[in-house]
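Data first, discussion second: the structure below is written as structure tokens.
The values are calculated or read from the model by the stated rules, or taken from the named source; none is laboratory data. Keep in mind it's a predicted model, so treat the numbers as computed, not measured. FYI the Cβ positions are ideal-geometry reconstructions off the backbone, even for glycines, and counts take in every protein chain you see.
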């Protein structure tokens, strides 16, 4: 599908941009996410989950850190909406997370400012705690123990 390649290429290209270009583009795309239909949102999330592991980790970590920092500035509703969409997809297809460098992702999270980590961790905990038992079990199976410790699960 052309759409899938296009979205995946955008993610890969964003990862290689310098911060001053990447951050405003990424924030605009994140805000646009909420104007999309449910099928379009799901496609974006699937494209991101497929493209992420193909990006060299130094570039991915810069992109992911930008994404987290922007998420920390969004409203609670927007932040929880984005996290919820990713967490639901990961709970339905936990194998999509296995190809990610989850320990590296945790290190990126831990490099954030304390207030950013707190805001993001609270949103993640709230979403996971509100999942049904099966979804919660599936997502907690793929979250590394070290991350669970930092999220206080």
Filter the range 102-119 for residues that are in contact with a helix residue (DSSP H, G or I) (Cβ under 6 Å, 6 or more places away or on another chain) and either under 13 Å from residue 83 (Cα atoms) or surrounded by fewer than 15 Cβ atoms within 10 Å (Cβ to Cβ) (or both); the one that is modelled with the highest pLDDT is 119
Take residue 97 and decide whether it is part of a helix (DSSP H, G or I) and under 17 Å from residue 48 (Cβ atoms).
yes
Restrict the check to the range 109-123 and report whether at least one residue is under 14 Å from the mean Cα position of the chain (by Cα) and not in a helix (DSSP H, G or I).
no
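Just name the residue that is farthest from residue 116 (Cα to Cα) out of those in the range 53-89 that are part of a helix (DSSP H, G or I) and over 14 Å from the mean Cα position of the chain (by Cα).
Only one residue fits best here, namely 54.
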